[in-house]
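Structure first, commentary second.
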Amino acid sequence: MNVSFKIMADLAELNVLPTHLRSVQNEWLLPGRIIAQINLILDEHITNIIEHGKLDKSHAIDVALAKSDTELIITVIDDGPPFDPTLCAAPDVTLPLEKRQCGGLGIHLVRSLCDCCSYTRSAGKNILTLKRTLSKECR
């Protein structure tokens, strides 16, 4: 089963994510907590693309979701400058807040909610693929 949609490079466009994901939830019969986690993953990653990729509002970000019996695959494609989030060091979340460096927490959240994160650059596009094993309740 596959679902795909576009989000324009505008933070206001993130408001359409829940609508797309409700459709996915209804079609794939996924629990609300899984949909909330997918929303968080996409919100964090797309926000980073928009804020740090310096894309104007005419650029589209492609999102594809694929579900098998055991796995969910999320693919996000954008035409911003090359950026591989898999190379970013994990933030030290054990430090007190006042001693932590700014940034990196969104990428950390995305990684922590996925089993596998991979990046490629092809034809001038960033392609981030995120995989997550589905529990028995989601199959």
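Data for the structure
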quantity: Qualifying lysines (Cα of each under 26 Å from Cα of Lys6; at least 8 residues distant if same chain); calculated: Lys54, Lys57, Lys67, Lys125, Lys131
quantity: Equivalent ellipsoid semi-axes, the chain, via Cα gyration tensor eigenvalues times 5, rooted, Å; calculated: 23, 20, 15
quantity: Computed label-point distance, nm, for sites Ser68 and Leu134 using a 7 Å Cα→Cβ extension; calculated: 1.2 nm
quantity: Only Lys, Arg (+1) and Asp, Glu (-1) charged, at Cβ; the chain dipole about Cα centre in debye; calculated: 260 debye
quantity: Estimated [θ] at 222 nm from DSSP helical runs (n ≥ 4, -39500 (n - 2.57)) normalised by residues in the chain, nearest 500; calculated: -9500 deg cm²/dmol
quantity: Selected from Thr70, Thr47, Gly80, residue furthest toward positive end of dipole (segment 27-83; charges at beta carbon); calculated: Thr47
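Each reported figure results from applying straightforward, stated rules to the coordinates on display, with no laboratory input. What you are looking at is a predicted structure, and each value in this text was computed from that prediction instead of being measured. A quick note on method: Cβ atoms are made from the backbone with ideal geometry, for glycine too, and the neighbour counts reach across all protein chains shown.
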